[in-house]
1. At pLDDT below 80, surrounded by 10 or more Cβ atoms within 10 Å (Cβ to Cβ) and in contact with a His (Cβ under 8 Å, 6 or more places away or on another chain): is that true of Ser73 in this structure?
2. Which count do you get for residues in segment 137-154 that are crowded, with 17+ Cβ neighbours inside 10 Å and either among the charged types (D, E, K, R) or modelled with pLDDT of 80 or more (or both)?
3. For segment 294-322, which positions are in a loop (DSSP other than H, G, I, E, B) and under 25 Å from the mean Cα position of the chain (by Cα)?
4. I'd like the full set of residues that are among the aliphatic types (A, V, I, L, M) and either free of Cβ contacts under 8 Å to residues at least 24 places away in the same chain or more than 13 Å from Phe276 (Cβ to Cβ) (or both), limited to segment 300-322.
5. Could you say which residue among Cys223, Cys265 is within 13 Å of the chain's Cα centre (by Cα) and in contact (Cβ under 8 Å) with a residue 24 or more places away in the chain?
6. Which count do you get for residues in segment 303-332 that are β-branched (Val, Ile, Thr) and buried (at least 21 other Cβ atoms within 10 Å of the Cβ)?
7. Can you tell which of Glu241, Glu269 is surrounded by fewer than 20 Cβ atoms within 10 Å (Cβ to Cβ), acidic (Asp, Glu) and either assigned to a loop (DSSP other than H, G, I, E, B) or modelled with pLDDT under 90 (or both)?
8. Just to check your reading of the model, which residue among Ile171, Ile163, Ile119 is without any contact (Cβ under 8 Å) to a residue 12 or more places away in the chain and out of contact with any helix residue (DSSP H, G or I) (no Cβ under 7 Å at 6 or more places or on another chain)?
Amino acid sequence: MISVTVAAHGLRNRRTIGTHFKAYDSGRLLIEEGSELEDVIKINNNNFDRKKKNGFLFNFYNYIYSFLSKICSCLWTFFNAYIPLWKLFKTINYEEILICPEKYIVKNKNHPPMENTFILRKIFSYMDVNDLLKMAKVSKKWRRVIKIYSEQFDHFHFDQIKINLDEGQIILFSLDAQRDPKRFTIQSLRELESNMKHIKVNSLFIRGMIKSESKIIMKLLNCLSLGPTQFYCLYCDFCPESIFELKKYISINQKYINDIGFEECSSNELFDDEIFIPTVPNLVNLRIINTSSHINLAVTDKLLFEIIEYCELTKSFTLQFLMINRPRFTVQAFIGIMEVWNKYCKNDLIITLQNATFTINDLLGQCHATTDLKIISKKFIESNNYYFHINIVKL
């Protein structure tokens, strides 16, 4: 069964959208050693070890050991500097190596040509991504420049990336529909970041994220420059801190993202207007479905009024599909969307509201009393040979 979005807009059915897509296996992706969670665990373990080893004899032993280590290192440095030990055993006379004048060396130390970040960025910007990855192996400095300024350089391009966190897998779908997707097994988030640093995608799909790793993963995504037009999450559990990172991610990519979906993601009360408002200028599809929760979303009339205001400003209506479970829309704001679509429509529009705060009969009565809009068969309105399909259902 493919998504309603796919059916409505003719997207390739090989690209994963969601719609009752079942998670399986239990090979979770591991959090790397450098992550915040591991740091907390190490700190706790170190504190515990210190409490066990804070006796007098142990402290005295540490003091003696550190004192002798410093004395030995100082003596070794002194003998090397003033009494070179290697000269005591010298048996062969070697020719002296010619050394450049000190003035020349000092001058070039101030301006090393291949250590200047600006020059390196200029050179790397002309390189193919395959050559760029080879350059990263030359030195630590070059690798650092390539990592920090990766947005400015060439990238690999893919149609979709699926990050299956519950399986520890990345699946890459090529732009060429005839080519089979590539699967990679990953062991840590650090490996995940290194594999995705030089990638651009049309669609990003995340599945099986748990609450304890959600903040770290969203932070990682904010460090990448994927630039997806479609962003979907399935069976993902967000914590409050990760929602802040999610808002940041959508805000950073607002000029790219036009298709957003959260299916069976929790918690409902964390999804509010501020997440989706930055995408209003480009928003085409929005899908938020969580049938396992009975708590209303924090998505209110504010989002609808932002859409109305932008449509009035640009004299156009871009939204084509909206499906939300348990929104907090009022009937007045919904009628406002109907009126602005009636004025500026250039495409069909499908809106499905599940467990809304009003019914289709409330909408019919309000439309009859305050507007000239006619809802045909309680299902749609027509304008300029375009159709606005309305589905308001109770589950």
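1. On the way: at pLDDT below 80: yes; surrounded by 10 or more Cβ atoms within 10 Å (Cβ to Cβ): yes; in contact with a His (Cβ under 8 Å, 6 or more places away or on another chain): no.
No: the conditions fail for Ser73.
2. 5
3. Of the residues in segment 294-322, the ones in a loop (DSSP other than H, G, I, E, B) are 294-297, 299, 315-320.
Matches in segment 294-322: Leu297, Val299, Thr318, Leu319, Gln320.
4. Of segment 300-322, the ones among the aliphatic types (A, V, I, L, M) are 303-304, 307-308, 313, 319, 322.
Scanning segment 300-322 gives Ile308, Leu313.
5. Numbers: Cys265 fails: within 13 Å of the chain's Cα centre (by Cα).
Matching residue, one of Cys223, Cys265: Cys223.
6. Here the count works out to 2.
7. Values: Glu241 fails: either assigned to a loop (DSSP other than H, G, I, E, B) or modelled with pLDDT under 90 (or both).
From the options Glu241, Glu269, the qualifying one is Glu269.
8. Numbers: Ile171 fails: without any contact (Cβ under 8 Å) to a residue 12 or more places away in the chain; Ile163 fails: without any contact (Cβ under 8 Å) to a residue 12 or more places away in the chain.
Unique residue meeting the criteria: Ile119.
The values are calculated or read from the model by the stated rules, or taken from the named source; none is laboratory data. Predicted model only: the values in this text are computed from it and were never measured. Using ideal geometry, Cβ is built from the backbone for each residue, glycine included, and neighbour counts are taken over all protein chains shown.
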